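The values are calculated or read from the model by the stated rules, or taken from the named source; none is laboratory data. Given the structure is predicted, the values throughout are model-derived calculations rather than measurements. For neighbour counting, all protein chains shown are included, and Cβ atoms are generated from backbone atoms with ideal geometry for every residue, glycine included.
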Amino acid sequence: MLDQTTSGPEVPTFDSSANLLSPLPLELRRHLYYTLGLRDTESEPSYLYSALANTVRDHLVPNWRDTRQRFGQSTERRVHYLSLEFLLGRSLNNAIQNLDVDEQAREALHQYGVSLEEIEEEEHDAGLGNGGLGRLAACFLDSCANLQLPVAGYGIRYEFGMFHQLIEHGRQVEAPDHWLRDGNLWEIERPESTKTIRLYGHTQRVIGDDGKAYSRWIGTNDLMAVPYDMPIPGHKNGTVNTLRLWKAEASDIFDLDEFNSGNYPEAVVEKNNADQISMVLYPNDSSENGKELRLKQQYFLVSASLQDVLEKWVDQYGEDFSDFGRLNCFQLNDTHPACAVPELMRLLMDEHHLEWDAAWQITTRCMAYTNHTLLPEALERWSVALFSRLLPRLLEIIYEINERFLTQVAKKHPGDIELRRRVSLIEEGHEPHIRMAYLSIVGSFSVNGVAALHTELLKEGLFADFYHIWPEKFNNKTNGVTQRRWLAYCNPKLRKLLCETIGSGWESDMEQIKQLAPYADDASFRQKWRAVKQANKQRLMDHVKEHTGVEFMPNAVFDVQVKRIHEYKRQLLNVLHAIHLYDRILRGDTKGMVPRCILIGGKAAPGYHVAKLIVKLINNVAAVINSDPRTEGLLRMVFFPNYRVSTMEIICPGTELSEQISTAGKEASGTGNMKFMMNGALTIGTLDGANIEIREQAGAENFFLFGLDAAEVAETKRAYDPNAIIAADPDIYRAMELLENGTFNETEPGIFDLLTKGLRNPHDQWLTIADMRSFIDAQVEAGKAYLDPEKWDRMSILNTASSGWFSSDRTIQQYADEIWGVKPLQNS
Ligand SMILES: *Cc1c(COP(=O)(O)O)cnc(C)c1O
């Protein structure tokens, strides 16, 4: 056997900095031959996808290795972004563009007579998230790599991501998303960094060698967390950051007695239940997942990630944790990873023998919490009974955190028992629950909302008591999206026009997009702008035709609402408007009417009955409108199935009117609104979430505002009479009549009664009817503006030109400066 340690200079040295790669077309061929074992004639798109992805990955790997090394050797503060969701979408095009090898990739594929676009279609979306929250995490990682910040993502490698949505007879049907079926070329398994995760069991007090009392968590059921790393490339800057996703596996430590007792197969099956934990993403957006498996997922992510960070700490600094809080920050993406607070306490005390006060000082110095919702039904609460069964040691720690916190509150506000009851981490009652948002606030040094309005509402509403206790913890970080995926890469025609006009600096510094503003007054530029939009509308039309069979009109305004289906997002308001337009056509009242194509898309949570009924209604209304010859040339409507990241990449460049019509005070921020704005769509929207900031940036004259604001919503709810509004407004009356007289459900009587009753209910939380008149009027304004193309294009250009604030680079720079306190780690 060859002993490499003694072979000295005989061992060939490997210079990791040398470029070992051949020109990309050759590399592609090499992967086709040697990695896939194929011949040139076996060049189906799926094979070419694999060969190209392998090739591009090879180009990422040297920078990835270097970035990891820089990260590992740095003695500066680091950030760990903990999220149950990362809605990444596809990786191939993003990597190609960030590496700037687009031309070489096209050349390489040219040998086989296929286009890059065709090959990109072979990649499954990594759909490890529900919607905005998960996509935000993906945009944030992209911006961290662009800004060369020492930030690592931590998540779960779900075997099944967000479900596939099929539409059958107008109804949503869910199918599993086995995105790993054909393998995942963008990950590297790191079995050597596997962690052990404990569940169940009980706690015990023991006296240690030093004579002190410690808690021990014993009798646990253990499983393994195996990491898979995904590369997050920066934009032409040599940085490749890491997203570490954990997969659950059965522990390979077996209880031999159990096997020997004759139950060998049963014992193996029992062990294998462990891998269920990372099997599937919970498909609920903005609502609670009160299931035991979900809590296991949360703890699994948190424990594996914290152990990983602590292990690296000990490797670098030994068992001295005095600087741990100063040099680490954990950003909690909503309360889903809130177990990080008690778990870090547990690890520091039980595994590394710190005292409570030292551990608490560290924990509260490095935890930061982002709130994402004001909807009460989305606030996580876990039953104490479940917690005590699953995570008994964490429950002990939470009780102690609570006791110390309430003592502190009592000192400051003696006698105010009511306050203590309100802020307690434990909600008392028949079945006591742990309030995860409160646990996150108490355990963190920073609490942020995701848009200016949202943060103000948090401070004066949901978290008012905590704001009074710790005003300094609260701050706002308005969300953003990456202009690379959501403008440069998904809209190559607009990218080209922008680069010809103002250069390419905006791709990594979105402030520069404002240089576009003067061109709004340039008629020849507007013509080019219009031509790009028209080409993108054509691409969207083709896509709609292919997936729904419906033909859009190229001269119509493309009016789009894509987002999760939820009552607060008010797809119903949009449907009512479509019915109103249909009613006008039926009555021959079409003077001045703009031809309009309405596209609605989005998934409903499988258990959310009302949302699924809304999907059915959209499909039924669309079917009636599209099959009525009187609507020809005036109105088309589709429900676009299986909305996801890769479809948004086609939809947002082709959209002209962006529907952001939630009930004011309900949408924390929204990010779809920002993608549309960047691509030159005009927004019709309420004063909700980041819409307010979009309107401020674009100017009120370049935004179609309607509806009640958050204060008026609260006021209106005190005496709301939707039936009176319907009776008094002929347009709304007739739209409701069509909805209620069976026009859209001739063969299925009564199926929409639940929806119409909701609209007419004086306690309707979403105030759809209250905003209907104002919405119709704003739509008329939008239509008038569209009939003046010079005016419209001017407004469109000014929207893109003022979208700089909505780059996630800006958001992340603010997190880095104001929460994390981290600086870029440049390449050497
Ligand atoms: C951006 C995005 C969202 C968020 O959209 P909102 O309109 O902000 O709710 C949801 N899903 C996908 C696939 C997205 O790309």
Check on Asn626, crowded, with 20+ Cβ neighbours inside 10 Å and not aliphatic (A, V, I, L, M): no
Cross-chain or 6+ apart pairs with Cβ under 7 Å, region 477-505 first and within 30 Å of Asn448 (Cα to Cα), then at pLDDT below 95 and within 16 Å of the ligand (Cβ to nearest atom): none
Output for region 31-75, where each listed residue is modelled with pLDDT under 95, among the basic types (Lys, Arg) and in a helix (DSSP H, G or I): Arg70
Near pairs, Cβ below 6 angstrom, 6+ apart or cross-chain, from region 629-656 (small (Gly, Ala, Ser)) to any residue that is in a helix (DSSP H, G or I) and within 16 Å of the ligand (Cβ to nearest atom): Gly654/Leu540
Residue count, region 542-578 (criterion: within 16 Å of the ligand (Cβ to nearest atom) and touching a Pro at 6+ places or on another chain (Cβ under 9 Å)): 1
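Can we say Ala126 is more than 14 Å from the ligand (Cβ to nearest atom), surrounded by 23 or more Cβ atoms within 10 Å (Cβ to Cβ) and not polar (S, T, N, Q)? Spell out how you get there, then give the answer.
On the way: more than 14 Å from the ligand (Cβ to nearest atom): no; surrounded by 23 or more Cβ atoms within 10 Å (Cβ to Cβ): yes; not polar (S, T, N, Q): yes.
It is false that Ala126 is more than 14 Å from the ligand (Cβ to nearest atom), surrounded by 23 or more Cβ atoms within 10 Å (Cβ to Cβ) and not polar (S, T, N, Q).
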Output for region 18-59, where each listed residue is touching a residue at least 60 places away in the same chain (Cβ under 8 Å) and either of a type in the set (Gly, Ala, Ser) or touching a Pro at 6+ places or on another chain (Cβ under 8 Å) (or both): Ser43, Ser46, Ser50, Ala53, Arg57
Residue satisfying all of: in region 295-324; surrounded by fewer than 19 Cβ atoms within 10 Å (Cβ to Cβ) and among the charged types (D, E, K, R); nearest to Cys339 (Cα to Cα) among these: Glu311
Enumeration of residues in region 407-464 that are out of contact with any Lys or Arg (no Cβ under 8 Å at 6 or more places or on another chain) and of a type in the set (D, E, K, R): Lys411, Lys412, Asp416, Glu418, Arg420, Arg421, Arg422, Glu431, Glu456, Lys459, Glu460
Pairs where the first residue, in region 769-797, is of a type in the set (D, E, K, R) and crowded, with 22+ Cβ neighbours inside 10 Å and the second is assigned to a helix (DSSP H, G or I) and modelled with pLDDT of 95 or more, C-beta under 9 Å, 6+ apart: Asp771/Leu573
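To keep it simple, each residue is scored yes or no on (1) surrounded by 14 or more Cβ atoms within 10 Å (Cβ to Cβ); (2) over 28 Å from Gly633 (Cβ atoms); (3) within 30 Å of the chain's Cα centre (by Cα).
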| position | (1), (2), (3) |
| --- | --- |
| Leu516 | yes, yes, yes |
| Ala520 | yes, yes, no |
| Arg530 | yes, no, no |
| Asn536 | yes, no, yes |
| His543 | yes, no, yes |
| Thr548 | yes, no, yes |
| Met553 | yes, no, no |
Conditions (1) crowded, with 24+ Cβ neighbours inside 10 Å; (2) within 9 Å of the ligand (Cβ to nearest atom); number of the one not met by Thr647: (1)
Tally, over region 435-480, of residues that are within 20 Å of the chain's Cα centre (by Cα), part of a loop (DSSP other than H, G, I, E, B) and of a type in the set (S, T, N, Q): 2
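Could you please find all residues in region 409-434 being of a type in the set (Asp, Glu) and assigned to a helix (DSSP H, G or I)? Talk me through it step by step, then tell me what you get.
So in region 409-434, the residues of a type in the set (Asp, Glu) come out as 416, 418, 427-428, 431.
Scanning region 409-434 gives a single hit, Glu418.
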Hits in region 7-30 (condition: modelled with pLDDT of 60 or more, of a type outside the set (A, V, I, L, M) and assigned to a helix (DSSP H, G or I)): Pro25, Glu27, Arg29, Arg30
Gly588, sole failed condition from (1) out of contact with any His (no Cβ under 9 Å at 6 or more places or on another chain); (2) touching a residue at least 24 places away in the same chain (Cβ under 8 Å): (2)
Residue match in region 734-749 (condition: exposed (fewer than 14 other Cβ atoms within 10 Å of the Cβ) and among the small types (Gly, Ala, Ser)): no
Residues that are of a type outside the set (Gly, Ala, Ser) and within 9 Å of the ligand (Cβ to nearest atom), drawn from region 660-696: Gln660, Glu667, Thr671, Asn673, Met674, Lys675, Phe676
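Being aliphatic (A, V, I, L, M), closer than 30 Å to Arg78 by Cβ and surrounded by fewer than 20 Cβ atoms within 10 Å (Cβ to Cβ) is true for just one of Ile218, Ile188. Which residue is that? Break it down into steps so the answer makes sense when it comes.
Working: Ile218 fails: closer than 30 Å to Arg78 by Cβ.
On inspection, the qualifying residue turns out to be Ile188.
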Residue list for region 505-550, restricted to those being among the β-branched types (Val, Ile, Thr) and under 18 Å from Asn679 (Cβ atoms): Ile513, Val532, Val544
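With respect to Ala690, is the statement that it is in contact with a His (Cβ under 9 Å, 6 or more places away or on another chain) and within 27 Å of Gly654 (Cβ to Cβ) true? Walk me through how you get there before you give the answer.
Details: in contact with a His (Cβ under 9 Å, 6 or more places away or on another chain): yes; within 27 Å of Gly654 (Cβ to Cβ): yes.
When the stated conditions are applied, Ala690 passes them.
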Residue among Ile776, Ile769, Ile797, Ile819 that is in a helix (DSSP H, G or I) and closer than 23 Å to Trp506 by Cα: Ile797
Pick from region 464-487, criterion surrounded by fewer than 22 Cβ atoms within 10 Å (Cβ to Cβ) and among the hydrophobic types (A, V, I, L, M, F, W, C), ranking: farthest from the ligand (Cβ to nearest atom): Ile469
Close pairs from region 116-140: first on the phi < 0 side of the Ramachandran plot, partner among the hydroxyl-bearing types (Ser, Thr, Tyr) and more than 13 Å from the ligand (Cβ to nearest atom), Cβ under 6 Å, at least 6 apart: Ile119/Tyr49; Glu122/Ser46; Glu122/Tyr49; Leu128/Tyr158; Ala137/Ser83
For Ala138: the one exception among (1) more than 16 Å from the ligand (Cβ to nearest atom); (2) assigned to a helix (DSSP H, G or I): (1)
